[in-house]
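What follows is calculated from the coordinates using simple rules that are stated; it is not laboratory data. In this text, all values refer to a predicted model and were calculated from it rather than measured experimentally. As a convention, Cβ positions derive from the backbone with ideal geometry for all residues, glycine included, and neighbour counts pool all protein chains shown.
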Amino acid sequence: MLSSWNGEVTIKNDATKEVTKGQISICNQQFDFGGLKVGTSKTIAYRIKSDSHYKVVVEFESGKKLSKELGYVTNGMDFKDVLRVKDDDIILEKKP
């Protein structure tokens, strides 16, 4: 029997502009988010079914887009991560 583990990722807008659209893909699951005002965050729960990494795309109210692949999750463990969206980068932080 194949087990699934739990993952949780929080996207935090540390940029100077609102994130109007965003998408995160992990373990063959896709989640859309948007309306992330400066200083706010959104938490997404997902199932870890295989080894994977985060594929993140965000679009700011200015029309600027950022795209990045980062992090790593592996089956057999639970994960809690934070993705901090900056003006020019997306940074991964592991939750303790």
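Results, tabulated for the structure shown:
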{"quantity": "Flagged links, alpha-carbon separation over 21 Å, of LYS68/LYS94; LYS21/LYS94; LYS17/LYS80; LYS37/LYS64", "calculated": "LYS21/LYS94; LYS17/LYS80"}
{"quantity": "Calculated from backbone phi, Karplus (6.51, -1.76, 1.60) coupling profile of the stretch 30-37 in Hz, x at Gly/Pro", "calculated": "10, 10, 9, 8, x, x, 8, 5"}
{"quantity": "Interchain or long-range residues, amide H under 5 Å from LYS80's placed H", "calculated": "GLU8, LYS95"}
{"quantity": "Karplus (6.51, -1.76, 1.60) ³J(HN,Hα), θ = phi - 60°, over the stretch 50-64, in Hz, Gly and Pro reported as x", "calculated": "6, 5, 6, 9, 7, 10, 10, 10, 10, 10, 8, 4, 6, x, 5"}
{"quantity": "Hypothetical label at ARG84: residues of the stretch 18-56 whose amide nitrogen lies under 16 Å (7 Å Cα-Cβ projection)", "calculated": "38-42"}
{"quantity": "Virtual spin-label span in nm between GLU8 and PHE33, 7 Å along Cα→Cβ", "calculated": "1.3"}
{"quantity": "Considering only the chain, percent of DSSP beta bridges that pair antiparallel, nearest 5", "calculated": "80"}
